[in-house]
1. Give me the net charge for the shell around R142: Cβ to Cβ below 13 angstrom, other residues only, Lys and Arg +1, Asp and Glu -1.
2. Would you list the P(r) distribution for region 218-299, with all Cα-Cα distances sorted into 10 Å bins from 0 and each bin expressed as a whole %?
3. So if each residue of separation counts as 0.36 nm, and I subtract the Cα-Cα distance between T178 and V61, what length gain in nm does that give?
4. What distance in nm separates the two pseudo spin-label positions at Y159 and A20, each 7 Å out from Cα along the beta-carbon direction?
5. Carbon and sulfur: what percent of region 56-180's accessible surface (1.4 Å probe)?
6. Give the relative contact order (percent, whole number) for region 225-380; include only Cα pairs under 8 Å separated by 6+ residues.
7. In whole angstrom, how long is each semi-axis of the equivalent ellipsoid of region 47-196, when you take the square root of 5 times every eigenvalue of its Cα gyration tensor and sort them from largest down?
8. Can you tell which of S128, T162, V189 lies farthest toward the positive end of the dipole of region 120-206, using +1 and -1 charges on the Cβ of basic and acidic side chains (Lys, Arg; Asp, Glu)?
Amino acid sequence: MNDSYIYDAVRLPRARVRKAGGTLAEIPPYELFGQLLSALESRSLSVDSVDDILVGISTTVGEQGGNLARAAALWAGWPDRVPGGVVSRLCCSGLDAIESAAARVAAGYADVIVAGGVESMSRVPMLSDRPAIATDTDLGERTGFVTIGVSADLTAASYGITRAELDAYAVRSHQKATAASTSASIVPVRKGGTVLLDADEGARPDASIAAFAALPALFGDDPAWERVARRLPDSPRPAAGLHTIATAPQLADGASAVVVGSVRAARLLGRRPIARIVGTAQTAVRSPLLTAPAAAARTALARAGLTAADLDVVEANESFAVTPILLARELDLDEDLVNPTGGALAVGHPLGATGGNLIVQALDALTRTGGEHALITIPAALGLGSAVVLRRLE
């Protein structure tokens with residue numbers, strides 16, 4: 001097997017989804033990703049060397065249906081010979097696209113692949129595809145499906161993570177995001193000659209434990225608890241619910257793109273790689289618990305020949321506050337290494353785009369601190385989890 005490298009990584013700023021229309025609501029998803037393709041070309045990517053484009057999308061319906069990757073390439077004016085494809089694994093979609101690109105490069109089937117993800121939650125709302133797992137009662141009973149919010153509460157209760165811990169974590173996420181410096185890897189979103197957005201939205205400098213503690217719980221009365229009680233009669237149920245709007249990930253629009261290549265790609269692209277992908281994993285656990293990130297992380301680290309003690313930064317998607325808290329506990333991580341610039345609780349989770357977003361943030365953190373190894377993890381509904389381990393190159 002060959003090694004797989006990262007040669008560049010960019011993302012759009014994350015834009016909040018609002019009822020009246022978010023900042024990026026007027027930009028269709030193919031253009032969100034297409035603007036990143038144009039940005040990569042302007043950053044001296046040799047598009048004639050690109051073998052394929054893989055785009056992760058969680059909700060592949062409507063404007064995000066069909067082959068959005070190919071549509072974005074055509075919109076950006078890339079060579080007709082560059083194909084494109086879509087990967088869909090719920091919240092893990094973008095990371096899966098990048099892992100799939102790395103696997104194809106490692107197998108020798110490609111030298112350069114642009115992989116990442118996009119999600120316009122303003123234009124294509126979550127669950128607008130009406131998946132059978134969420135709408136078919138018989139299938140739901142057979143599989144034990146519950147909403148991810150109930151999963152988050154159940155996971156927190158099962159591991160003894162309190163409402164106070166969840167609220168405190170969310171405050172820290174906002175504080176970190178507010179203090180974060182601007183990244184050179186963020187591509188401003190434009191409409192014509194006007195910049196619509198050039199920085200992440202959502203972080204609140206006034207976030208406080210008192211304010212978050214006053215918020216009502218979201219999932220305490222969810223009817224899905226009845227299904228949990230039938231299937232897992234010994235599982236704990238928090239009396240008043242645990243997660244709130246502050247400890248749930250914000251809805252967001254965004255896109256990300258990573259240039260994955262072989263060692264030969266250095267000559268084709270005329271540049272040196274910035275990191276090597278040394279371990280990946282996709283896994284699943286018994287739904288409805290959100291424990292898959294730790295399982296995926298252990299597998300990816302083992303494949304990289306590393307342990308958690310070797311990590312210099314961890315980007316754990318804040319798919320509810322419970323997930324990074326539990327990951328840090330399970331892997332015995334220093335909390336200062338986890339999400340050093342905040343996460344989805346503060347600046348949003350644009351589903352399919354998040355995998356690439358976290359890779360950009362991990363690379364930024366390694367460069368800023370001089371660190372060597374980074375872990376990226378994402379949980380998804382249905383007990384799914386994904387992980388990637390990177391080694392920064394000098």
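The values are calculated or read from the model by the stated rules, or taken from the named source; none is laboratory data. A quick note: this is a predicted structure, and the numbers were derived from the prediction, not measured. Every residue, glycine among them, receives a Cβ derived from its backbone with ideal geometry; neighbour counts consider all protein chains shown. Each accessible area value is taken on the protein alone, full model and side chains, heavy atoms only, with ligands, DNA and RNA left out. Shrake-Rupley method; radii C 1.70, N 1.55, O 1.52, S 1.80 Å.
1. In short, 0.
2. Over region 218-299, the share of Cα pairs per 10 Å bin runs 12, 24, 29, 17, 11, 7, 0 percent.
3. On the way: separation 117, 0.36 × 117 = 42.12 nm, distance 3.39 nm.
Stretched fully, the T178-V61 segment lengthens by 38.7 nm.
4. For Y159 paired with A20, the spin-label model returns 3.9 nm.
5. With neighbouring chains kept in place, the figure for region 56-180 is 53 percent.
6. Values: 195 pairs, mean separation 49.3, N = 156.
Rounded, it is 32 percent for region 225-380.
7. Working: eigenvalues 213, 111, 60 Å².
Its equivalent ellipsoid spans semi-axes of 33, 24, 17 Å.
8. Positive-end residue among those listed: V189.
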